[in-house]
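Q: Handing you this structure, nothing more for now.
The values are calculated or read from the model by the stated rules, or taken from the named source; none is laboratory data. Quick caveat, the model's predicted, so the values are computed rather than measured. Ideal geometry is used to build each Cβ from the backbone, glycine not excepted, and the neighbour counts take in all protein chains shown. Calculation scope for accessible area: heavy atoms of the full protein, side chains included, ligands and nucleic acids excluded. Shrake-Rupley method; radii C 1.70, N 1.55, O 1.52, S 1.80 Å.
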Amino acid sequence: MPEHTFILNGEQVTVDVEDDVRLLWVLRDILGVTGPKYGCGVEVCKACASHINGKVFNPCAVRVGDIKPTDRITTIEGLPGTVGTPLHPMQQAWIDRDVAQCGYCQPGQIMTAVAKVRQAKAQGRKITDADLDEIRNICRCGTYNRIREAIASAAERM
Amino acid sequence: MADQRRSPQGLDRRRFLGYVLAAPTLVAAAQLGGPAPEASAAIPTLPQPADLFDLNDLLTTAALPSSGLVAVQVHTDGTASFALPRAEVGQGVTTSTAMLIAEELDLPVDRIKVTLADSRPELLFNQLTAASNTTISTYTPIRVAAAVARGRLLAAAAIVLGDTVTNLTSRLGVITGLGGKSVTYGELATRAASTRVEQVSVTLKPRSEFTVIGTSHNRVDALAAVTGRKVFAMDLKIPDALPTMVCRPPTINGTVRSVLNAETVRRMPGITDVITISTGVAVRGRTFGQCVDAVRALRVDWGKGTVEGASDASVLRELKAAQLPLVVPPLPLLAKTLDAEFTFAFRSNSALETNCAIADVRRDRAEIWGSLKSPIVAQQAIAAKIGLPQSAVRVHVTEGGGSFGRKLFFDAALEAAEISRKLGKPVKLMWHRTDDFRQGRTHPMCTSRIRATYAAGNVLTFEQRHTSVSTDFGHGLGEIITGLAAKLPVGDLTFSETVFTLTQTMPYNFGVTTQLLNEVERGFNTGSMRNIYSPDVCCARELFVDQLAKNMGKDPYRFRQEFLRDHRARAVLVKVAKVGNWGRAMPAGTAQGIAIHTEYKGFAAALVEIDCRPATVNRRIPSARTGPRVTKVVFAVDAGLAVNPRGLQAQMMGGISDGIALALTSSLHLKDGYFLEGSWDNYFYTRQWNVPKDLEIIVMPPTTGQPGGAGEFGVAASYAAVACAYTRATGSLPTTFPVNHDDPLGFDPLPTVPPIPQSPTNGLGNAF
């Protein structure tokens, strides 16, 4: 069985698994990292959203064989580590606005929100309503309005 | 051991005996005595059953005999814990329960650990999470339990401090005597414990002294949710409970005749087992990804389903044939008559967490983990299925990733138990998203016919005939006896009609009013979806009220104000009309809508603004279902007493999101005995691009002083207000909901064989 190595939340991990197993299942079923959630398996609901080298992506749609040893994978569990504080400003904003209800989609919402703010900053502009309209993460509890408010407030502290 | 801290004896309703059961006060009766409507609605509507005794009273009364069997425990570390016999699925009951205990125990909310109780059959009907009834039925018993604990602590403190209870005050977990000496709850915990059961008398705090109940609190599980540490069923690490999925039939409830390649599939990478079960062919393996591969590789000879060949059109024909007759004949001479009929498509109450459960079945015992709103009947049904006594089956209730009614049933737990017994191995069973839409439970298709007669500015009669595909209430009141009763051929209709009668009321003085339900066609997997019958019944009624107002030359808001029967209903209506600036000038193609709904011991009103102009309707977002956009919602809710206003606002926000979806975009299309929708880009629940940017949710000040229901209360009024706004914006009355159901299909349906799609591999290309 092939061996795969990559950096997960700041630590190098190695796992024996077939190449085409999607990374979501390597994280959850083999490495026991359960922050990313299953909601569809076809890259639509974004509940598994995590970061690869600082960009948001969906591990349900990526073969573990396509991950390189130098790739830095960050899940919700590793987000604080990327800023060196107990909570990332986006997580703190989520708490301040009591965004979560069931919480199942929120790890993915937060990881997408961080990337969305970074994307706007990279283009030298503030995050807009149009940006928020394009966030595809599904929240079946309908917490969307508090998500928008939390992103806007966190953007100022990122 | 009465303690004197409380003000002198006020209303005696606050004195309770520990373990004595407080009967639900018939607050409904008191409301009827409110001031008579001052408007021209001269022909009153008589109180309906639900005005006197509603579904909440039924569930609370049924839970009464065992409602005292709850206990608050105080620990030596100064914290308190409580195992809540209900399911937390996002509606916030672990937070509101911690607040009830904090209030009576005088301990900060963050030192109160509320967990979810395992299935406890001795609770009989007191472990069902339904009808937004948790806080209504537990408000008194939980506070009594907390007060009993506090009384014990005070008694123990009196001894330790050498003082009398009357001189003691407790605040935030510390008891202080007159001399200033103090002792903490933690230090008293052991001494305060009792070696025998005692009955004690307690007095609950008067509302005037509340410092926790009624003030907004953040969720107790907020930190766990945002850090990924909140544990859902599939996150549990149960030894050897390997990922498991089921290859399901192409049509609803199809059967397995034979498996053609079980051996080959058993040898696929990571796969440990392949076995036929009653609902399909189960595969077990090292990862869910490899289970998907195995399910897709299986070649199965399938038997017919339970609704073979059925389609939206065929089911609609059956519904129309089963509509109960309208009895009031059109009276052209004496009065005018208005008729309307609406059709509501099948919808999915699929949560983001699909059906899932863990089962570890051994020869002599079994353990089950899952998010279950009716754990007792789950335990009993599983025990029956695997041939073990009820006492040999332990059911652990996990926190749920949403429910919307779906987790009233235990479909995955039953399957997991069957698989685990047949394999003799633990299994972590998860439904695929496509399974959840195509084989999972749905809100049944239904129609609503209304006829009213009116003359001289008054409505004389109002008849509503609601006809639905059979709604499965097979969970009963949460245990096997009522569960079985609700499955019997006659029993199911009785159960449905009881729920309908105890939830549907007529908020307006429309003279002689009858609202009746009939149900047909039992082959579908159905169940209650958030707010059950009310969204469709309310949507039909409020659209009809707008038509009546137009025919009688009246403004929709003024018309409602005149005809509403209850002053609390008028209060929420007036509030949204004022805050939402009803009647303001609106550009063509946009409009306001207003609607009212009463249920769960409360009253709710919604004012909605919608934009149906082409530029908005046709706005482009990649593979998104945009269409008309609700731009503003003002929602007012009077829940009698909001235990946690911020939590109540969250539930209304969720209900509004549901209402927008029900009116505009989300439905299942039935064809050839199966549902075409197979994933979230086929089933269009509300997304960020449909969300109203202007949202205001107003929690009205307390009225009855008793908490009403919250979890489902946001759906009906918002759904109806969106439908009314849409009708006024487009100038035409839609008669099918959601309004896009009969548009050309917005997606290419996934095949039914294999039953689930493969995961893509291009994810890196979409990173940003």
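Q: Nearest 0.05, what FRET efficiency do residue B:122 and residue B:498 give at R0 = 22 Å with Cβ-Cβ as r?
A: In this case the efficiency is close to 0.30.
Q: If you don't mind, there's one more thing I want to ask. Going highest first, how would you order B:354-365, A:41-52 by mean Cβ packing within 10 Å? Don't jump to the answer; show the numbers that get you there.
A: On the way: B:354-365: 21.4, A:41-52: 25.7.
In decreasing order of mean packing, B:354-365, A:41-52 become A:41-52, B:354-365.
Q: While we're on this one: Suppose R0 equals 60 Å; then what is the FRET efficiency for residue B:422 and residue B:209 from their Cβ-Cβ distance, rounded to the nearest 0.05? Can you show the working numbers first?
A: Working: r = 58 Å, r/R0 = 0.96.
In this case the efficiency is close to 0.55.
Q: Follow-up question, since we're still on this one. For a test of the definition: using alpha carbon positions, the gyration tensor, and the 1.5 limit on a/c, classify the range B:507-666 as rounded, prolate or oblate.
A: Rounded is the answer for the range B:507-666, as its axis ratio a/c remains below 1.5.
Q: Give me the extension gain from residue B:190 to residue B:761: residue separation times 0.36 nm, minus the current Cα-Cα distance, reported in nm with one decimal.
A: 199.7 nm
Q: If you don't mind, another one. Round to a whole angstrom and tell me the spacing of the C-alpha centers of the range B:703-768 and the range B:62-95.
A: Distance between centres, Cα-based: 34 Å.
Q: Quick one: if the Förster radius is 45 Å, what FRET efficiency do residue B:198 and residue B:390 give, using the C-beta to C-beta distance and rounding to 0.05?
A: Details: r = 30 Å, r/R0 = 0.67.
Efficiency at R0 = 45 Å is approximately 0.90.
Q: Let me confirm one metric for peptide A:127-134, namely the mean number of other chain beta-carbon atoms within 10 Å of its residues' beta-carbons.
A: 3
Q: Per-residue counts of other Cβ atoms within 10 Å, averaged by peptide: what ranking do you get for B:138-144, A:78-84, B:555-561, highest first?
A: Averaged packing, sorted descending, gives the order B:138-144, B:555-561, A:78-84.
Q: Work out the mean other chain Cβ neighbour count within 10 Å for the residues of A:86-99 and drop it here as an integer.
A: Details: counts 2, 3, 2, 0, 1, 6, 1, 1, 5, 7, 2, 3, 12, 6.
Going residue by residue through A:86-99 and averaging, the value is 4.
Q: For residue A:68, go through the lysines and keep the ones whose alpha-carbon is under 23 Å away, minus same-chain ones fewer than eight residues off.
A: Once the sequence-local lysines are set aside, what remains near residue A:68 is A:37, A:46, A:55.
Q: Rounded, prolate or oblate, given the Cα gyration tensor of chain B, with a/c below 1.5 counting as rounded? Show your work: numbers first, answer last.
A: On the way: a/c = 1.76, a/b = 1.07, b/c = 1.65.
The shape class here is oblate.
Q: When the helix-only estimate is applied to chain B (DSSP H runs of n ≥ 4, each -39,500 (n - 2.57), divided by the residue count), what is the mean residue ellipticity at 222 nm, nearest 500 deg cm²/dmol? Walk me through the numbers before you get to the answer.
A: Working: 21 runs with 232 residues, N = 768.
So the helix-based figure for chain B works out to -9000 deg cm²/dmol.
Q: Here is a follow-up. If you count only protein heavy atoms with a 1.4 Å probe, what accessible area per residue comes out for chain B, rounded to a whole Å²? Provide the component values of the computation, followed by the final result.
A: Numbers: 26900 Å² over 768 residues.
For chain B, the per-residue accessible area is 35 Å².
Q: Stretched out fully, how many nm does the piece from residue B:311 to residue B:266 gain, at 0.36 nm a residue minus the Cα gap? Please list the in-between numbers first.
A: On the way: separation 45, 0.36 × 45 = 16.20 nm, distance 3.61 nm.
So the extension gain works out to 12.6 nm.
Q: Now a separate question. In nanometres, what is the gap between the two model label sites at residue A:1 and residue A:68, each 7 Å from Cα along Cα-to-Cβ?
A: Reported label-point gap for residue A:1 and residue A:68 is 2.6 nm.
Q: Let me ask something else about it. Pop out a list of residues from the range B:274-310 that are at least 20 Å² less accessible with all the protein chains around than in their chain alone; 1.4 Å probe, no ligands or nucleic acids counted.
A: Residues losing area: B:286, B:287, B:288, B:289, B:290.
Q: What's the average, rounded to a whole number, of partner chain beta-carbon atoms within 10 Å of each residue's beta-carbon in B:216-226?
A: Values: counts 1, 1, 6, 6, 0, 4, 10, 6, 2, 14, 18.
Mean partner shielding for this stretch: 6.
Q: Would you be so kind as to identify all helices of chain B, as entire DSSP H runs, whose Cα atoms reach 30 Å or more along the helix's own axis and whose mean Kyte-Doolittle hydropathy is at least -1.0?
A: B:134-161
Q: Whenever you get a sec, compute what percent of the accessible area on the range B:84-132 sits on carbon and sulfur atoms (1.4 Å probe).
A: The value for the range B:84-132 is 56 percent carbon and sulfur by accessible area.
Q: Report, in cubic angstrom per residue, the convex hull volume of the C-alpha atoms of the protein assembly as shown.
A: 165 Å³
Q: Shape verdict for the range A:81-157, please, from the Cα gyration tensor: rounded (a/c under 1.5), prolate (a/b greater than b/c) or oblate.
A: Oblate.
Q: Mind checking how much accessible area B and A bury in total, 1.4 Å probe, in Å² rounded to 100?
A: Buried surface at the B/A interface: approximately 6100 Å².
Q: Under the definition of Cα pairs under 8 Å and six or more residues apart, what whole-number percent is the relative contact order of chain B? Mind showing how you got there, number by number?
A: Details: 1755 pairs, mean separation 120.6, N = 768.
Over chain B, the number comes to 16 percent.
Q: Now for a different question. Give the peptides A:15-24, A:129-138 in descending order of average Cβ contacts within 10 Å, highest first. Let's see the in-between values first.
A: Details: A:15-24: 21.1, A:129-138: 18.6.
Descending packing order for the listed peptides: A:15-24, A:129-138.
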